[in-house]
1. Yes or no: segment 120-134 includes at least one residue that is without any contact (Cβ under 8 Å) to a residue 24 or more places away in the chain, within 17 Å of the chain's Cα centre (by Cα) and in a strand (DSSP E or B).
2. Part of a strand (DSSP E or B), modelled with pLDDT of 95 or more and surrounded by 13 or more Cβ atoms within 10 Å (Cβ to Cβ): is that true of T143 in this structure?
3. Could you list, in sequence order, the residues of segment 74-115 that are in contact (Cβ under 8 Å) with a residue 60 or more places away in the chain and either of a type in the set (F, W, Y) or not in a loop (DSSP other than H, G, I, E, B) (or both)?
4. Can you name every residue in segment 135-155 that is more than 17 Å from the chain's Cα centre (by Cα) and of a type outside the set (S, T, N, Q)?
5. Evaluate the following for A150: is it surrounded by 16 or more Cβ atoms within 10 Å (Cβ to Cβ), touching a strand residue (DSSP E or B) at 6+ places or on another chain (Cβ under 7 Å), assigned to a strand (DSSP E or B) and not charged (D, E, K, R)?
6. Given the criterion within 17 Å of N126 (Cβ to Cβ) and among the small types (G, A, S), identify the matching residue among S69, S77, S102.
Amino acid sequence: MSLYKSLLKASNSTKKSSTKKSPKLLVIILTVAALAVAGLTVAAVTINQNISSSGTINAGPNIGVYSNSACTTSITSLNWGSVEAGGNATQTIYVKNTGTASVCIALAVNNWSPSTASTYMTLSWNQQGTQLSAGASTAATLTLTVLANATGITSFSNTISISGTG
């Protein structure tokens with residue numbers, strides 16, 4: 001019986017030892033789990049703000065702006081739809097020189113509403129400074145870029161001016 005008692009005593013001592021370690025292990029596991037949940041919570045709180053928008057197009061003399069490559073459907077506004085903060089959107093328009101002399105085309109954007117929209121957004125195109133001969137047209141890609149830190153803007157509008165000089 002003494003061997004049995006010795007083994008039982010050793011077994012109980014091991015259980016006590018592992019029981020003492022168990023709360024420490026439990027605290028570590030709970031801490032890791034809490035940190036993981038906190039990280040997921042932060043990720044879940046990140047907000048992607050969508051910004052709806054529109055733009056009025058003003059074409060200068062002898063410049064036509066169209067929605068189709070045949071330059072038969074003129075447009076006077078663009079709707080960018082909903083653009084996520086940190087994202088961008090593109091639209092293709094067609095610009096035609098309706099005059100009798102060659103012109104250099106340019107894009108300008110103004111009258112942002114709200115006025116703070118221009119702090120967080122840019123509108124550019126790929127045809128700045130392009131020469132268009134009389135009667136010629138070109139496809140132009142306009143790109144609206146919204147900075148990731150855009151805040152407080154839920155919609156905006158602006159005026160897009162396309163001119164030709166020459």
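The values are calculated or read from the model by the stated rules, or taken from the named source; none is laboratory data. Predicted model only: the values in this text are computed from it and were never measured. Virtual Cβ from ideal backbone geometry, glycine too; neighbours counted across all protein chains shown.
1. Restricting attention to segment 120-134, the residues satisfying the condition of being without any contact (Cβ under 8 Å) to a residue 24 or more places away in the chain are 122, 124-126, 128.
If we keep only those that are within 17 Å of the chain's Cα centre (by Cα) too, we end up with 122, 124.
Going one step further and asking which of them are in a strand (DSSP E or B), we end up with 122, 124.
Yes: segment 120-134 contains one or more residues that are without any contact (Cβ under 8 Å) to a residue 24 or more places away in the chain, within 17 Å of the chain's Cα centre (by Cα) and in a strand (DSSP E or B).
2. yes
3. Correct list: L78, W80, V83, E84, V95, N97, V103, C104.
4. Looking only at segment 135-155, we keep the residues that are more than 17 Å from the chain's Cα centre (by Cα), and these are 135-141.
Of everything in segment 135-155, those that are more than 17 Å from the chain's Cα centre (by Cα) and of a type outside the set (S, T, N, Q) turn out to be G135, A136, A139, A140.
5. No: the conditions fail for A150.
6. S69
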